[in-house]
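**Student:** My questions all concern the structure below.
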Amino acid sequence: MKSMTVPASLDKAKARHQKMKLVRRNWDLYLLIFPTVLFFLLFKYWPMYGIQIAFRDFVPVDGIWGSPWVGFDNFTRFFSQPTFRISLINTITISFLSQFINFPFPVILALMLNQAECKWYKKTVQTVTYAPYFISTVVMVSMINFFLSPTSGPINALIKLLGGTPINFMGDPGLFKWIYVFSDTWQMSGYNAIIYIAALAGISPEYYEAAMVDGATKFKRMLYIDIPFLLPTVCVLFILSAGRIMSLGFEKAFLMQNSLNMSASEIIATLVYKYGMLQADFGLSTAVSLFNTLVNLVFIFSVNFFTSKLSGGENSLW
Amino acid sequence: MATNKIHHAKADTIFNALNYFLMGIILLIVLYPLWFILIASISDPNLVNLGKVTWWPKGFTTMGYEKVFEYKDVWMGFRNSFFYTVAFTLIATALTVSSGYVISRKDLIGRKALTTFFMICMFFNGGMIPTYMVVSNLKMIDTVWAVIIPNCVWVYNMLIARTFFVTSIPDELLEASQIDGCTNLRFFFTIVVPLSPAIIAVLVLFYAVAQWNSFFDALLYIKSKDLYPLQIHLRNILLMNSVDSAVIGDAAAMDERQRLADMLKFVLIIISCVPMFVVYPFVQKYFVKGVMIGAVKG
């Protein structure tokens, strides 16, 4: 906005004047956003200030201010526990499995739906596949428990019917991550496919007509039109979800946890709850949660850094 | 050429058949568990436990549904959840729409700073205990406000709203109304809001689903039973296996009580999902739209 003819200082003063005028004219916009700002200050920024208890030996009667500083004691206490390594490995394993296994399903579903000509059938499949998205985590986990139950679950009934021995799915730590990931596939694939379905609907029919004139079969049309068309959307969404990789759904792991699968279901977020609410060790809990947040941040920033490098600044998160 | 065409027609028929077949399998995999819960809720629980119920209800009974009407805790939870969902959705949508609109205004001084102020909270937060202490300092523990307020605005939704306003409220509209001397507030309430039913519907849906299904805030902050939302009762009954003995107490034998408890679980799953599935068909088109707006980076 620099003008060539006026001296810089005058220009600056003018710009400031302009700015003030805009602020004055838009005073009611600030009024409109004030409640939200207040909300963020109270419930988001005030807790950030409270993070300092991660570096204190928190004594409830003394409050945050009265509790003595202990430096990184809470962190070293966490790192020296065997649960630290276990929970970190579990968090990373489950996150990566979710990312890589659950990513392709919605894409495939969308490609299949796009090729379906029968309208009502397509619509039915679509509506039914997003329905599970609305099921709450509590209900979802109780369904998992029921279906995989070694005594009354339908899955084990089927295994018995085929002559196998029943498997105690929920009691086997080795199976925990698979149950976690594949139940997510069941619940979320339809919902996650919406975006791809919409992208595919944007393909101009001319491409298909031209391909049909050239005698391309449906399979070839899918291979050479649908997939290349979908690829950019797939890339962007992959990056977006890679950035969220460590923010694993806490509720589900917490609810699926039982004494038998503990060694596989203990993730960092469940430890935050346990230390904080069950053992009332506020300092340790906050330290663990801060550690999780920092790992997350490092992850998000590095994913974003690499992808924006690779794509020349195009596929950046912000 | 002609044989080629026939050949292609044949290839397409095979492709279609395979595609429909696979879609059928997907449909079955998704639908069957839902169908099973439904038929299990009206079947004899003994037969369900023995694995005898597979496709159709067996030993038809509506006892589970009759018993659930006597389950006072559940209905109280239902009522609480309903209240929490309505209150939370109203407040959250109002705050999100208003703040999303403000940060969409290009002539707002401090727009960038405000956006950054909000976005920081997407990546960094105080965590469970510091937030708990704030809620406690504000004397909200064990009140309805603890469930409604602390999670009220999601930055992600605010950004969706901003993107919507940037792309669908033309600048000329604002200019024209400014010439007429219309204030920003009046412009927002009389022009922007009536032009934005789509984004409002999307936000209402997202917030309502989240609040109806949430249990963790209540687990942290609510101590008294008569404030519990439905999901907390569901967790106790479905996952911790603690069914109120007043409801099944008149059944004398132990196995009879367990039978009733098992049956109640299926009924409760169905009942807890009813509100979502009733509302869903009406908002489905907005739902798709919302997912789309959300995918466009603002």
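**Student:** Among the candidates A:Phe250, A:Phe254, which residue alone is aromatic (Phe, Trp, Tyr) and modelled with pLDDT of 85 or more?
**Tutor:** Checking each option against the conditions leaves just A:Phe254.
**Student:** Only one of A:Leu38, A:Leu31, A:Leu10 is within 20 Å of B:Asn137 (Cβ to Cβ), part of a helix (DSSP H, G or I) and of a type outside the set (Asp, Glu); which?
**Tutor:** A:Leu38
**Student:** B:Ala92 versus (1) buried (at least 16 other Cβ atoms within 10 Å of the Cβ); (2) at positive phi: which is the lone unmet condition?
**Tutor:** Only one criterion in (1) buried (at least 16 other Cβ atoms within 10 Å of the Cβ); (2) at positive phi is unmet by B:Ala92, namely (2).
**Student:** Restricting attention to the range B:99-154, which residues are surrounded by 21 or more Cβ atoms within 10 Å (Cβ to Cβ), hydroxyl-bearing (Ser, Thr, Tyr) and farther than 27 Å from B:Val193 by Cβ?
**Tutor:** Correct list: B:Thr131, B:Tyr132.
**Student:** The conditions are (1) part of a helix (DSSP H, G or I); (2) in the same structural domain as A:Val288 (by TED's automatic domain parsing); (3) more than 23 Å from A:Asn261 (Cα to Cα); (4) not hydrophobic (A, V, I, L, M, F, W, C), and A:Ser87 fails exactly one of them. Which is it?
**Tutor:** (3)
**Student:** Of all residues in the range A:258-293, count the ones that are under 21 Å from the mean Cα position of the chain (by Cα), more than 9 Å from chain B (Cβ to nearest Cβ), under 19 Å from A:Asn74 (Cβ atoms) and in a helix (DSSP H, G or I).
**Tutor:** Going through the range A:258-293 one residue at a time, the tally reaches 4.
**Student:** Exactly one of (1) closer than 20 Å to A:Gln279 by Cβ; (2) buried (at least 16 other Cβ atoms within 10 Å of the Cβ); (3) touching an Asp or Glu at 6+ places or on another chain (Cβ under 8 Å) is unmet by A:Arg56. Its number?
**Tutor:** Checking A:Arg56 against (1) closer than 20 Å to A:Gln279 by Cβ; (2) buried (at least 16 other Cβ atoms within 10 Å of the Cβ); (3) touching an Asp or Glu at 6+ places or on another chain (Cβ under 8 Å), the one that fails is (3).
**Student:** Taking the stated definitions as given, is B:Ser224 surrounded by fewer than 13 Cβ atoms within 10 Å (Cβ to Cβ), in contact with a helix residue (DSSP H, G or I) (Cβ under 6 Å, 6 or more places away or on another chain) and either among the polar types (S, T, N, Q) or modelled with pLDDT of 80 or more (or both)?
**Tutor:** Answer is no for this residue.
**Student:** Scan the range B:134-155 and tell me whether some residue there is assigned to a helix (DSSP H, G or I) and within 7 Å of chain A (Cβ to nearest Cβ).
**Tutor:** Scanning the range B:134-155, I find at least one residue that is assigned to a helix (DSSP H, G or I) and within 7 Å of chain A (Cβ to nearest Cβ), so the answer is yes.
**Student:** In addition: Going through the range B:226-241 one residue at a time, which ones are under 18 Å from B:Trp145 (Cβ atoms) and more than 9 Å from chain A (Cβ to nearest Cβ)?
**Tutor:** B:Asp226, B:Leu227, B:Tyr228, B:Pro229
**Student:** Oh, and also: Check the range A:176-190 and report whether any residue there is among the basic types (Lys, Arg), surrounded by 14 or more Cβ atoms within 10 Å (Cβ to Cβ) and touching a residue at least 60 places away in the same chain (Cβ under 8 Å).
**Tutor:** yes
**Student:** Can you find a residue that is more than 13 Å from every other protein chain (Cβ to nearest Cβ) and touching a helix residue (DSSP H, G or I) at 6+ places or on another chain (Cβ under 6 Å) anywhere in the range A:243-250?
**Tutor:** Yes, some residue in the range A:243-250 is more than 13 Å from every other protein chain (Cβ to nearest Cβ) and touching a helix residue (DSSP H, G or I) at 6+ places or on another chain (Cβ under 6 Å).
**Student:** Given the conditions (1) at the interface with chain B (Cβ under 9 Å from one of its Cβ atoms); (2) under 24 Å from A:Ser263 (Cβ atoms); (3) of a type outside the set (Phe, Trp, Tyr), report the number of the one that A:Ser152 does not fulfil.
**Tutor:** Condition not satisfied by A:Ser152: (2).
**Student:** Next question. Among B:Asn80, B:Asn125, which is the only one that is polar (S, T, N, Q) and either out of contact with any helix residue (DSSP H, G or I) (no Cβ under 9 Å at 6 or more places or on another chain) or free of Cβ contacts under 8 Å to residues at least 40 places away in the same chain (or both)?
**Tutor:** On inspection, the qualifying residue turns out to be B:Asn125.
**Student:** Check A:Phe103, A:Phe96, A:Phe79, A:Phe34 and return the single one that is at pLDDT 90 or above and in the same structural domain as A:Gly174 (by TED's automatic domain parsing).
**Tutor:** A:Phe79
The values are calculated or read from the model by the stated rules, or taken from the named source; none is laboratory data. Being a predicted model, the structure only gives us computed values, none of them experimental. Neighbour counts are summed over all protein chains in view; Cβ atoms, including those assigned to glycine, are modelled from backbone coordinates with ideal geometry.
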